[in-house]
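One structure below.
The values are calculated or read from the model by the stated rules, or taken from the named source; none is laboratory data. In this text the structure is predicted, and so the values were computed from the model without any measurement. Here the Cβ is made from the backbone with ideal geometry for all residues, glycine too, and neighbour counts use every protein chain on show.
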Amino acid sequence: MSEALQILQKYWKHDSFRSLQNEIIDSVLSGQDTFALMPTGGGKSVCFQIPAMMNEGICLVISPLVALMKDQVANLQKRNIKAIALTGGIRSDEMIDLLDNCQFGNYKFLYLSPERLQSDWILERIKNLPINLITIDEAHCVSQWGHDFRPAYLKISNLKTYFPKVPFLALTATATPKVKIDIINELGLHEPQIFEKSFARKNIAYMVFEVEDKLFRIEQILRKNLQSSIIYVRNRKSCLETSSQLNSLGFKSTYYHGGLSSKEKDKNMQSWMQDQVQVIVATNAFGMGIDKADVKTVIHIQLPENLENYYQEAGRSGRNGEKAFAVLLTSPSDIRQVESQFINILPDKKFLNEIFVKLCNFFQIAYGEGIDEKFSFNLNQFCLKYKFPVLRTYNAMQFLDRQGVITLSQEFSEKISLQFIIPSKEVMRYMSLNPNDEEIVLAILRTYPGIYDMETAFNQPFIAKKSNHTENQVQAVLQKLKEKDIIEYHAKNNDASLIFNEIREDERTISRVSKYLENQNQLKKEKLKSVLHYIGEQNVCKSKLILNYFGEKTNDDCGICSYCIAKKSAKTDIDKLSKKIIALLKTEELNSREIENRTKNTSNEVIFAIQQLLETESIIVNSNNKYTLKR
Ligand SMILES: [Zn+2]
């Protein structure tokens, strides 16, 4: 047995490699630069994790998303493999410790974002590490033609100078042919070995239906397929709505979106993973780390932004190889609304600039300051304050995030702030009258000396510990104080955190990044056009449309998509009609109008059936211009 396979079995508990994994591992082990395109579910991470385990030294993994890094690091640690991620929000001194750990602590994996690599001092330390492999995950981010372009990826190729002998492995789950060429060139891969796994998912039936009543159609689908299902929606609001509609129809469903606390996310996801509920209604925040093999249906009830995302989300169905359905429900109004939904919310340079300046003002960041500061952020509050449209603002911030100007992460936190609004003398009086509350109140006053003067962020677990009470007891006292108008008390919900990665330099920052903006907007429009083509094209197999989009040529129809099914049933209809016509012509000769009247079919159908019968010489036209059976 090969060493790679032994490691797979020991740490991953899989019996054998999936297709291409072994080949990719061999290529990396031979020291060659390698490009691997593996659609979702193909088992990408094993391809770099195993060779890194087999060699001395540490594997550098460059990844664009904090959540993705955390997920992978947690997975490795679960398997007793030493890995760390340098994510945002870590202070520089901690970072130095972590990097020292990497050098002397036998770590096997170091994850970091491409932006981190741009810090000289981080790079200096990385240069000293015994790097055995450089993995670039989500490599399509390097391409301006990809849907997730991040300029910081363009700098990765610099690592070649410092590590000329270390192989690069570029991984992506989605790349059109144009993007693939970009990846190889921009990352500076040297004569790379190229591996591409087909995008074909033979057990998934792609279905597109235009319907008036989407809920009714969902109900039909779910009643017919009682197994696990994901319903993708665009926003948090329709997440809740759809889930409660389904529950009132008697289905068991839960929901998942970025605004939930991690506890709720976990709870909802677990109840779906363990089949306590059939359906999870989710936004595109749902996806990472889901490994549920028996998902029967993935239903989209709003148009996806691009086919890359659609393919990934739809591809969560049928991992067990059994037949599954990827259904996209559209209504005529969806297509009409597309303009306002997608095009009008693309930010332009002026808007981008406005957002950036206001963000800095919002957090009181002065010109020339702001680097590495982390804030809790509530998008709605921000938009409300400056009267910005929410979605366009969100897009602008996403753009700034991808450009590395800020890091926006979807983290939910509930922060409490409070202020005493009566003089301290009266607070003392309250304590003497309510001796049971004294310890808690004192703990608060001692911890937050400014609490009489201003609203102060409040750490409930800390106060509970300090006063030797439970959090519930602290909560109860706060409630009482509030009712008696002794304190003012706010629970603030923040649904994201925001880090400024650079010092504030308004014009310079914005003009540096905005050169990419127009290109990105244009690309988004084109991607959307491809989605509209996918749903609108009535004469091509849906599976074929997807494969063609990703640059795969195929001549065969899949036989199970909505187009293929419709074609088949149209054919059976015509076959039935032909039989009917033959039966009629057995007793008399008829012209096409008469046949139409007898069969009640449309004239097109009748003409089509007659043509077929004439071609196969089952019937002939006689001298009276009527049809009769060929004797
Ligand atoms: Zn098909």
Take the residues in the range 554-581 that are part of a helix (DSSP H, G or I) and closer than 30 Å to Ile343 by Cβ; name whichever of them is nearest to the ligand (Cβ to nearest atom). Tyr563
Inside the range 244-257, the number of residues satisfying the requirement of being part of a loop (DSSP other than H, G, I, E, B), surrounded by fewer than 20 Cβ atoms within 10 Å (Cβ to Cβ) and touching a residue at least 24 places away in the same chain (Cβ under 8 Å) is 3
Ser511 within 16 Å of the ligand (Cβ to nearest atom) and not in a loop (DSSP other than H, G, I, E, B): no
Filter result for the condition that a residue is out of contact with any helix residue (DSSP H, G or I) (no Cβ under 6 Å at 6 or more places or on another chain) and crowded, with 16+ Cβ neighbours inside 10 Å, over Ala4, Ala52, Ala74: Ala52
Of the numbered conditions (1) within 44 Å of the chain's Cα centre (by Cα); (2) part of a helix (DSSP H, G or I), Glu488 fails exactly one; give the number of that condition. (2)
Between residues in the range 425-442 that are closer than 13 Å to Ala464 by Cα and residues that are at pLDDT below 90 and basic (Lys, Arg), which pairs lie under 8 Å by C-beta distance while being six or more apart or on different chains? Asp437/Lys480
Any chance the range 400-419 includes a residue that's of a type in the set (S, T, N, Q) and in a helix (DSSP H, G or I)? no
Out of the residues in the range 461-474 that are exposed (fewer than 15 other Cβ atoms within 10 Å of the Cβ) and closer than 15 Å to Ile416 by Cα, which is nearest to the chain's Cα centre (by Cα)? Pro461
Search the range 533-548 for residues being outside any helix (DSSP H, G or I) and away from the ligand (no atom under 11 Å from the Cβ), and hand back the single one that is surrounded by the most Cβ atoms within 10 Å (Cβ to Cβ). Glu537
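Each row is one residue, and each column tells you yes or no for (1) assigned by TED's automatic domain parsing to the domain that holds Lys465; (2) surrounded by 15 or more Cβ atoms within 10 Å (Cβ to Cβ); (3) of a type in the set (Asp, Glu).
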residue	(1), (2), (3)
Ile422	yes, yes, no
Ala443	yes, yes, no
Thr447	yes, yes, no
Gly450	yes, no, no
Asp453	yes, no, yes
Hits in the range 51-80 (condition: touching a strand residue (DSSP E or B) at 6+ places or on another chain (Cβ under 8 Å) and more than 22 Å from Lys160 (Cα to Cα)): Val66, Ala67, Met69, Lys70, Gln72, Val73, Leu76, Gln77
When (1) more than 30 Å from Ile24 (Cβ to Cβ); (2) hydrophobic (A, V, I, L, M, F, W, C); (3) at pLDDT 95 or above are applied to Leu260, the one that fails is (3)
For Ser530, work out the one condition from (1) of a type outside the set (D, E, K, R); (2) within 16 Å of the ligand (Cβ to nearest atom); (3) in a helix (DSSP H, G or I) it doesn't fulfil. (2)
List pairs: first residue in the range 200-224 and touching a residue at least 60 places away in the same chain (Cβ under 8 Å) and not assigned by TED's automatic domain parsing to the domain that holds Ser253, second residue surrounded by 13 or more Cβ atoms within 10 Å (Cβ to Cβ) and among the acidic types (Asp, Glu) anywhere in the structure, Cβ distance under 6 angstrom, at least six positions apart or on different chains. none
Kindly list the number of the only condition in (1) within 16 Å of the ligand (Cβ to nearest atom); (2) in contact (Cβ under 8 Å) with a residue 60 or more places away in the chain; (3) more than 30 Å from Leu352 (Cβ to Cβ) that fails for Gly551. (1)
